[in-house]
Structures are given as structure tokens and as C-alpha cells.
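Let me begin by handing over the structure; questions about it come next.
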Amino acid sequence: MFIECLNLYGWQKRAEHECKEYFGQFDYETKLKEKIDGYEVFKKATTFSNVNNCEFAPEVCNEFVTVYLDEPGRNAAKLSRSELIDLT
């Protein structure tokens, strides 16, 4: 499930990392969107985990616990938030 989450949110996290020098500036959102749009070719051809290493996995952990597993049907074991954090 974590790999699925990484494939879903990894490109966003990578783009945010690569645009961090613009954070807080007027054109941050524009630069971020351009970077994400640039990844569309890769998104269509392969998955994030097939072409990237684990560098962005820690950033995706938050989304895994707070967003991905909160979606209906994902947390079939009904683990608590603290159990999910420990598991991650």
C-alpha cells in the first residue's frame, strides 16, 4: 500500500523539493506547476517507484498516514492513527 501511495504522491513531493528555492516567492506556484507538468510524460510511461529511489519516501509518509489510509476502504484493518504511524 505504501508503494501505491508513493506512486500517487511521489511526483508532487519531488516537484516540491526541486522548487523549494522558490517557496514563499510570488512565482512558487507557477514553478511548481511547471515542474509537475514536466513529469506528466513519466507518469504516463511508468510509476514513480520504478524510476526514483527512496529519497522522497519519508516525505510521502505523512500523506500515507493522514490522507491515503483515511480514504474509504484503504484501512481495512481499522488501525488507529498511532498504530499507522508506528507501522510506517
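The values are calculated or read from the model by the stated rules, or taken from the named source; none is laboratory data. Model, not experiment: these values are computed from the prediction. Neighbour counts are summed over all protein chains in view; Cβ atoms, including those assigned to glycine, are modelled from backbone coordinates with ideal geometry.
Would it be correct to say that Val41 is assigned to a helix (DSSP H, G or I), within 19 Å of Leu87 (Cβ to Cβ) and out of contact with any strand residue (DSSP E or B) (no Cβ under 7 Å at 6 or more places or on another chain)?
On the way: assigned to a helix (DSSP H, G or I): yes; within 19 Å of Leu87 (Cβ to Cβ): no; out of contact with any strand residue (DSSP E or B) (no Cβ under 7 Å at 6 or more places or on another chain): yes.
So Val41 fails the test.
Let me ask something else about it. Any idea which of (1) under 13 Å from the mean Cα position of the chain (by Cα); (2) surrounded by fewer than 14 Cβ atoms within 10 Å (Cβ to Cβ) is the one Arg14 doesn't satisfy?
(2)
Can you name the residue in the stretch 44-79 that is within 11 Å of Ile3 (Cα to Cα) and among the hydrophobic types (A, V, I, L, M, F, W, C) and is also surrounded by the fewest Cβ atoms within 10 Å (Cβ to Cβ) among such residues?
Cys54
Output the residues belonging to the stretch 1-15 that are more than 25 Å from Gly73 (Cα to Cα) and free of Cβ contacts under 8 Å to residues at least 40 places away in the same chain.
Step one: list which residues in the stretch 1-15 are more than 25 Å from Gly73 (Cα to Cα), which gives 14-15.
Result: Ala15, single match.
Looking for something in contact with a Ser or Thr (Cβ under 7 Å, 6 or more places away or on another chain) and at pLDDT 80 or above - is there at least one such residue anywhere in the stretch 47-61?
Just the residues of the stretch 47-61 that are in contact with a Ser or Thr (Cβ under 7 Å, 6 or more places away or on another chain), to begin with: 61.
Adding the requirement that they be at pLDDT 80 or above leaves 61.
Yes, the conditions are met somewhere in the stretch 47-61.
Same structure again: Using the structure shown, decide if Lys31 is touching a residue at least 12 places away in the same chain (Cβ under 8 Å) and not aromatic (Phe, Trp, Tyr).
Details: touching a residue at least 12 places away in the same chain (Cβ under 8 Å): yes; not aromatic (Phe, Trp, Tyr): yes.
Yes: the conditions hold for Lys31.
Here is a further query. Considering (1) over 22 Å from Thr88 (Cα atoms); (2) crowded, with 17+ Cβ neighbours inside 10 Å, say which one Leu6 fails and leave the rest.
(1)
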